[in-house]
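Values in this text are rule-based calculations from the coordinates and carry no lab data. All figures in this text were calculated on a predicted structure; none of them were measured in a lab. Here the Cβ is made from the backbone with ideal geometry for all residues, glycine too, and neighbour counts use every protein chain on show.
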Amino acid sequence: MLWRPTTYGERAFLHIYEALGRHVSVDASFGATLDFLVNERSFQEFAKLHATIETFIRCMRAAVYLQPEIGHLAPTDYGKQLGKRDYVPRRLSSDRRFCELLKQTAIVSFEAKDAPPAVARDIKHETSRCYLCGIKLAKTGPQHSKPTVEHLWPLSLGGESIEENLIAACHDCNTKRANSITWAWGPVQSTDYRHDPKINPDVQLRISLAMAKLMLEASGERRGGRCSLKEAALRLAPLFPNLDIKDGRHRVYFELLDEVRKAG
């Protein structure tokens, strides 16, 4: 398991990762190796996460779409209905625990309940700066610096509006992060980055690398013991990485990911 989950959406995602995603492997044929890649380990991790994301989104979106029709069914029958329609892999559609998690995830997404006002108020006062970019949050002033309540695991993907899943973010970061849930969701294969001291990296690239920092911390790779995404976020904030790159050479995503790992 990559980190300690606190929401139904995370539990469903990590269940898929344990059942399917972590078993995915990319191998070179004809006796070749993958040592020509920037980092074979990171590339393998990307393949595992990408397979998990693809499966999770397909299962979850189908479950939300069919919620009015099959939401009343017991988990076993619920899974059978999704399996018959080829929305859920056979191995998972017969897995009672996964079907229970998927059903609850669909309910959370379908109902889309915001945080209660008292909880939202407490979250906005929990920290004084945005957990991603570090800008000082203020009720008055520019729109982009106003405090908002961010779901670390997106509400639309089954992240309940509970204190353990909520954190203060500026309006800009909350809007631009959207539904990204891991660094593998980000602009991995489209990255061709060249450092310019006058211009910050593209915000989607910064968000993706921030998610990498978050996952590394929550997984226990940086220090012993897994923790929740919120615990990791509060420990590391702000999450946007300071890329210590001074030359003008172009870099692909996995080279930048190496920089994030080294900075840990």
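Here are some notes:
- Filter result (of a type in the set (S, T, N, Q) and within 17 Å of the chain's Cα centre (by Cα)) within region 133-154: none
- Checked against (1) over 18 Å from Met211 (Cβ atoms); (2) surrounded by 22 or more Cβ atoms within 10 Å (Cβ to Cβ); (3) small (Gly, Ala, Ser), Ala74 passes all but a single condition, namely (2).
- Filter result for the condition that a residue is of a type outside the set (A, V, I, L, M, F, W, C) and surrounded by fewer than 17 Cβ atoms within 10 Å (Cβ to Cβ), over Arg22, Arg41: Arg41
- Between Ser29, Ser42, the distinction of being of a type outside the set (Phe, Trp, Tyr) and either closer than 16 Å to Ser180 by Cα or not in a helix (DSSP H, G or I) (or both) belongs to Ser29 only.
- Options Pro89, Pro75: the member that is within 20 Å of Leu14 (Cβ to Cβ) and either of a type in the set (S, T, N, Q) or within 22 Å of the chain's Cα centre (by Cα) (or both): Pro89
- The set of residues in region 150-164 that are in contact with a helix residue (DSSP H, G or I) (Cβ under 6 Å, 6 or more places away or on another chain), surrounded by fewer than 19 Cβ atoms within 10 Å (Cβ to Cβ) and either of a type in the set (A, V, I, L, M) or in contact (Cβ under 8 Å) with a residue 60 or more places away in the chain (or both) contains only Glu164.
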